[in-house]
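Below is one structure, written out as structure tokens; comments come after it.
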Amino acid sequence: MRVALLTEGATESAGPDTRRSGDGWCDRLMDGLAEHEFRLYLLAPPGCAVGTRPGRPAAVHEFPMGGRRPPGHGPALHRRRQYVRAYRDLVRALVLPAERRSFGPGLYRLAELAREDGALPAFLASGAAQRTLEAVWRSPGADTAAGQPQVGDLLVAGDLLEQCLRPLSAPWYGTGAGELGGADLCHVVGGGPAALPALVAGALHGVPFVVTEHGPQLREQYRSDRYAQYRWPVRALLLGFSRLLAEETYRQAAVLTPDSEYGRQWQQRCGAAPERIRVVYEGAAAVDRAPAGPEPELPTLLWAGALEPGHDPELMLHAFARVRADLPTARLRMYGEEGGPGRAAHCRVVADRLGLDDAVSFEDGRGGPAWETGGVLVLSARTQSSPRMLVDAMLSGRAVVTTEVGVAREVVGPAGLLVPPRSPQALAGACLALLGDSERRVRLGRAGRRRAQERFAVEPVTTAFREIYLELVSGRPAFPAAASGTRGRPHRAQPFARPAEYWVAGGTEAVGAAEDVPDDSPEAVGPVEGTERAGDGGPPGLGGGRADGGERAAGAGRLFGETRAGGGRTPAGPAEPGALAEAV
Amino acid sequence: MSRPEESLPPTAQAPAWARARAEVPAPPGGQEWEYPSVPVPSGDPVRELMERYRALCEQAVDPLDIAVGLEEAGLGRIEARRYRQADVFELADELYARVPRRPVVAVPAPPGSSWRSRTGRALGSAVRYGLPSAVPVALRAAAPVVGLPLLALALAALGARPVGAALRRWSDSRPGAGAPDARVASGGSGGSSVAARLWYGLGAGVLLGVPVLTAGPVGAALGLAAALGMGSVEWSADWLRHAAGLGLGSAGTLSAFRARMRPVLPVALGLHLALLALFSFAALAVLTALDLGSEAGAGLLAGAAHRASGLQWAAQAALGLLLVPAAALLRTGRSRTAAVAVPTAGLGSAVFTAVRAPETAQLLCCGTAAALLLPYAWTVLGRPAAYLPDGPPA
């Protein structure tokens, strides 16, 4: 099966920013599913090195995001009106609450136009686009309750929209080798802008797609400082774009695999159908790490996070003041990078004022916390949208105390202590209870490690996606173009026309066999063509499956994606709470 | 009737640990270091929440924005239940519905270029162009016979001037990666490339150098005045950008912005022409005073005014009319036009000088270029897109 893996990031991870796409995750998935042929499509942030990754056989296609607008001419005069119409639809969806539905059509029309002449970036920077944006933005009914857009906002918003829509100009749409239309399915890792090419491939070529999100992507957009610097109208417009893009992605995706129940709630809130969501926990590479050795001699709490209000180091310090009142020998080690200027100094001042300066040590948290130096691990964050840190802590085999926010409950479950956020008394009580009971400490630590090893191993992830991939393509017609019949008729494709193994049979030869199918010849596509090809030695029908008839297939494909995908729970799904407690 | 709690001292209501903390004196500077306790909800609990997160709710773009803000503040599903909602999303929905959006308090306009910095740049420009022009003029005044080496020296000075200026500006503009908004209305050299600025500087150098080196004393004096007037060109172009930056922040629509920008270029031109006339007149007055020597008296001003012919005044004005729109275009993302127009005019003027008088050549070339450039610049500079360079900083 040919899988197009779409994600943000660069081949060489240049820094912490580029790692959020879960680069290692993609590698693990490709290693685990070696029977499939993967192609990696990367949306590279500006300033990232473009290169090939060593030792990776998968083909890598890269497209730069952000940065300077690519050179090029605007559309010809007679096509400009079509551009304007599509752009107007898109912008209307962004600013008129009653017109949300026109987002998808506008987006796909723009993608289609951009694919034909590649004039989209220049058009979006032109005066025609600005006039369109202004006319819609200042029309009655536009949501400008907290501020009317000024001319400056118009320019900035137009510029940012152009950057957001840049993936539409990527040279990936088509049915040739190395293009998205030639893949059997797309797998979007991370959502956000990376989902744009998959959406377009789905609309133009009927390729189904899976979306894997590590932490709700939309939430990150709302949180990011990137938009916070703009005036209200610009921020509203851009967040509207992010939200509508997420909603459209969740609506069109065949299967959604968030990495937690918390992520599932976000996706459902944004309009994802519950039956298409399957929670697949993110596999942790460190599952096989040896547990931490003997505990330190003094009763030691280890706090991990970032020194910023969101991770609430102050809560830990205040709780520790109470712990020390009862247990004067207690020590606290704070592992955390500074989240902003003056944050570390502020924490030190708070520790000083609470009279803790001799018992608290601030450690350099850049290499990750040294879990073995603590007896009890504490996370006091106000939000936890990703299970990574918790899982890492649990894998150390020490008892964990965490605030009950975000993913904490489902990750820790009965194998740790949960306390309400922003409550120093509760946190101090939990810490004291664990510090004073070594048997319970060891028991919880062991249970936590086992729980994390069971749920966050890499193997369940590969198994889950092997199933999802097969389930997805088996539910799709082998010859979507043939099944769709003539234009305008209802689609009558057969969902189980081919068994699942049929799709696995194709090797690398399949790509070569299908290369010579012209992408604009619908009459050359169909079962007859497919059977003829079978005589050439290539796997039957793969050529036909690849070269579908463009948008006509999209409806049928989506129909079957919706009816067939989803359903069963993965082996990695949440176990019954308490089952582990019994095992312990 | 007062409730029994109200008669108690405030510390008596607090729990034991909070009482102990309350006795510690507050830190200097009013810094909060007591961990803020979670207030207990009462009658209409959501009202308290509305008060606490009023700013968040008023500025939210949609309910999800509020939900994210609440989550960031540590409110989870449990707290939402306390407020009789199923989850944070529904709580955010309620808050979004109950708190009206309020227009943002006007953010102070982007600083743009201050009057002081613009004047500083203008003075710098006047010195950069004026000094190299003054050297050959002074030498010609001291030694009437100009040797070839002297000419070569002057030309080298003229050539070095724009190169140095461009290099300096380039090094100034290198670390220009600010917030994306700042690039819209910041002063200085907008989005022009080094090559464009180099060409513009070279063209201006030739245009100024031709009269200084080849014309008679009156022409040289006018050339010197025009070189000093480069400061005024710089100032006018910067002021135009500044006005556009203000317009971007205050104009509501594209047409309002265009209407606002319509008189700006003519005013900038008028400003520059007035200053140029002043400089020229001063230069001519100095020349007249030197010529007349001590016998000069009441006839100085009248003599200065009649010193230059009408043709020379017209050539001077044409030079001014060409340089201001070119300098403005150079700063607004259309640098290529300026980089073509000015050197072309310079080259034409240098060539024509061989067959005609320098002032005729200057009037012809600068006048033609200005006649072509002015309508174009007036149209382009009225568009807001001109003030957004074609691409954000990397």
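Looking only at the range B:79-97, filter to residues that are assigned to a loop (DSSP other than H, G, I, E, B) and over 15 Å from A:W266 (Cβ atoms); which one of those is farthest from the other protein chains (Cβ to nearest Cβ)? Walk me through how you get there before you give the answer.
At the first step, the residues of the range B:79-97 found to be assigned to a loop (DSSP other than H, G, I, E, B) are B:83-87.
Filter again for over 15 Å from A:W266 (Cβ atoms), leaving B:83-85.
Values: B:Y83: 15, B:R84: 18, B:Q85: 13 Å.
Only one residue fits best here, namely B:R84.
Of all residues in the range A:38-65 being within 13 Å of chain B (Cβ to nearest Cβ) and surrounded by fewer than 17 Cβ atoms within 10 Å (Cβ to Cβ), which is modelled with the highest pLDDT?
Keep residues of the range A:38-65 that are within 13 Å of chain B (Cβ to nearest Cβ), which gives A:44-48, A:64-65.
With the extra rule that they be surrounded by fewer than 17 Cβ atoms within 10 Å (Cβ to Cβ), the set shrinks to A:46-47.
Details: A:P46: 68, A:G47: 61.
For the range A:38-65, the residue satisfying everything is A:P46.
Okay, residues lined up against (1) modelled with pLDDT of 90 or more; (2) of a type in the set (S, T, Y):
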position	(1), (2)
A:G190	no, no
A:A194	yes, no
A:A201	yes, no
A:V210	yes, no
A:S224	no, yes
A:Y230	no, yes
A:R235	yes, no
A:L239	yes, no
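If a residue has to be out of contact with any strand residue (DSSP E or B) (no Cβ under 9 Å at 6 or more places or on another chain) and not hydroxyl-bearing (S, T, Y) to count, how many in the range A:246-264 make the cut?
Taking the range A:246-264 as the starting set, the residues that turn out to be out of contact with any strand residue (DSSP E or B) (no Cβ under 9 Å at 6 or more places or on another chain) are A:246-248, A:251, A:260-262.
Cutting the leftovers down to not hydroxyl-bearing (S, T, Y) gives us A:246-248, A:251, A:261.
Matching residues across the range A:246-264 total 5.
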Residue list for the range A:279-309, restricted to those being under 14 Å from the mean Cα position of the chain (by Cα) and at pLDDT 90 or above:
A:V279, A:V280, A:Y281
Of all residues in the range B:289-335 being more than 20 Å from B:V218 (Cβ to Cβ), modelled with pLDDT under 75 and not aliphatic (A, V, I, L, M), the one that is nearest to the chain's Cα centre (by Cα)
B:G333
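Where residues in the range A:217-271 are polar (S, T, N, Q) and within 20 Å of A:D89 (Cα to Cα), which of them is farthest from the other protein chains (Cβ to nearest Cβ)?
A:Q252
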Can you tell me which residues in the range B:336-394 are modelled with pLDDT under 85, within 14 Å of chain A (Cβ to nearest Cβ) and out of contact with any Pro (no Cβ under 7 Å at 6 or more places or on another chain)?
B:R336, B:A385, B:A386, B:Y387, B:L388, B:P389, B:D390, B:G391, B:P393
Looking at (1) in contact with a Gly (Cβ under 7 Å, 6 or more places away or on another chain); (2) farther than 28 Å from A:W266 by Cβ; (3) crowded, with 22+ Cβ neighbours inside 10 Å; (4) away from chain B (no Cβ under 11 Å), find the lone condition where A:G206 falls short.
(2)
Which condition number does A:D392 fail, the rest of (1) in contact with a Ser or Thr (Cβ under 9 Å, 6 or more places away or on another chain); (2) assigned to a helix (DSSP H, G or I); (3) under 29 Å from A:G263 (Cβ atoms) being met?
(1)
So is A:G305 away from chain B (no Cβ under 14 Å), closer than 22 Å to A:L417 by Cβ, touching a Leu at 6+ places or on another chain (Cβ under 7 Å) and not in a helix (DSSP H, G or I) or not?
no
Is there a residue being away from chain B (no Cβ under 14 Å), out of contact with any Phe, Trp or Tyr (no Cβ under 6 Å at 6 or more places or on another chain) and under 17 Å from A:P299 (Cα atoms) anywhere in the range A:378-396?
no
I'm trying to understand the selection: among the residues of the range A:135-154, which are farther than 23 Å from B:C57 by Cα and buried (at least 23 other Cβ atoms within 10 Å of the Cβ)?
A:V151, A:G152, A:L154
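Residue check: is A:V287 within 14 Å of chain B (Cβ to nearest Cβ), in a helix (DSSP H, G or I) and β-branched (V, I, T)? Steps first, please.
Working: within 14 Å of chain B (Cβ to nearest Cβ): no; in a helix (DSSP H, G or I): yes; β-branched (V, I, T): yes.
When the stated conditions are applied, A:V287 does not pass them.
Of the residues A:L168, A:L196, A:L155, which is assigned to a helix (DSSP H, G or I), among the aliphatic types (A, V, I, L, M) and at the interface with chain B (Cβ under 9 Å from one of its Cβ atoms)? Don't jump to the end; show me each part of the working.
Values: A:L168 fails: at the interface with chain B (Cβ under 9 Å from one of its Cβ atoms); A:L196 fails: at the interface with chain B (Cβ under 9 Å from one of its Cβ atoms).
Only one candidate passes the filter, namely A:L155.
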Please verify whether the range A:338-345 includes one or more residues that are buried (at least 24 other Cβ atoms within 10 Å of the Cβ) and either modelled with pLDDT of 90 or more or outside any strand (DSSP E or B) (or both).
no
Might you let me know whether the range A:77-85 holds any residue that is hydrophobic (A, V, I, L, M, F, W, C), touching a residue at least 12 places away in the same chain (Cβ under 8 Å) and assigned to a helix (DSSP H, G or I)?
yes
Could you please find all residues in the range A:408-436 being surrounded by fewer than 24 Cβ atoms within 10 Å (Cβ to Cβ) and part of a loop (DSSP other than H, G, I, E, B)?
A:G413, A:P414, A:A415, A:P420, A:R422, A:S423, A:G436
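Could you say whether any residue in the range B:214-229 is in contact (Cβ under 8 Å) with a residue 40 or more places away in the chain and within 14 Å of another protein chain (Cβ to nearest Cβ)? Please lay out each step first, then the result.
Narrowing the range B:214-229 to residues in contact (Cβ under 8 Å) with a residue 40 or more places away in the chain: B:214-215, B:217-229.
Imposing the further condition that a residue be within 14 Å of another protein chain (Cβ to nearest Cβ) reduces the set to none.
For the range B:214-229, residues in contact (Cβ under 8 Å) with a residue 40 or more places away in the chain and within 14 Å of another protein chain (Cβ to nearest Cβ): absent.
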Residue set A:L180, A:L199; condition outside the structural domain of A:R388 (by TED's automatic domain parsing), out of contact with any Cys (no Cβ under 7 Å at 6 or more places or on another chain) and either aliphatic (A, V, I, L, M) or more than 19 Å from A:V156 (Cβ to Cβ) (or both); output residue A:L199
Could you please give the count of residues in the range A:413-431 that are within 14 Å of chain B (Cβ to nearest Cβ) and farther than 24 Å from B:G69 by Cα?
3
Complete set of residues in the range A:311-363 that are under 21 Å from A:P299 (Cα atoms), among the acidic types (D, E) and either within 14 Å of chain B (Cβ to nearest Cβ) or under 40 Å from the mean Cα position of the chain (by Cα) (or both):
A:E314, A:D326, A:D352, A:D357, A:E363
Can you find a residue that is within 14 Å of another protein chain (Cβ to nearest Cβ), within 15 Å of A:R81 (Cβ to Cβ) and either small (G, A, S) or in contact with a Lys or Arg (Cβ under 8 Å, 6 or more places away or on another chain) (or both) anywhere in the range A:103-125?
yes
What's the number of the only condition in (1) within 14 Å of another protein chain (Cβ to nearest Cβ); (2) buried (at least 22 other Cβ atoms within 10 Å of the Cβ) that A:V401 fails to meet?
(1)
Which listed residue is under 30 Å from A:R115 (Cβ atoms), among the charged types (D, E, K, R), touching a residue at least 60 places away in the same chain (Cβ under 8 Å) and assigned to a helix (DSSP H, G or I), from A:E248, A:E275
A:E248
In the set B:A237, B:A243, the lone residue that is surrounded by fewer than 22 Cβ atoms within 10 Å (Cβ to Cβ), more than 9 Å from every other protein chain (Cβ to nearest Cβ) and more than 18 Å from B:E359 (Cβ to Cβ) is B:A243
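The values are calculated or read from the model by the stated rules, or taken from the named source; none is laboratory data. Every value quoted in this text rests on a predicted model; they were computed, and no experiment measured them. Note that we place each Cβ from the backbone using ideal geometry, even for glycine, and neighbour counts take in every protein chain shown.
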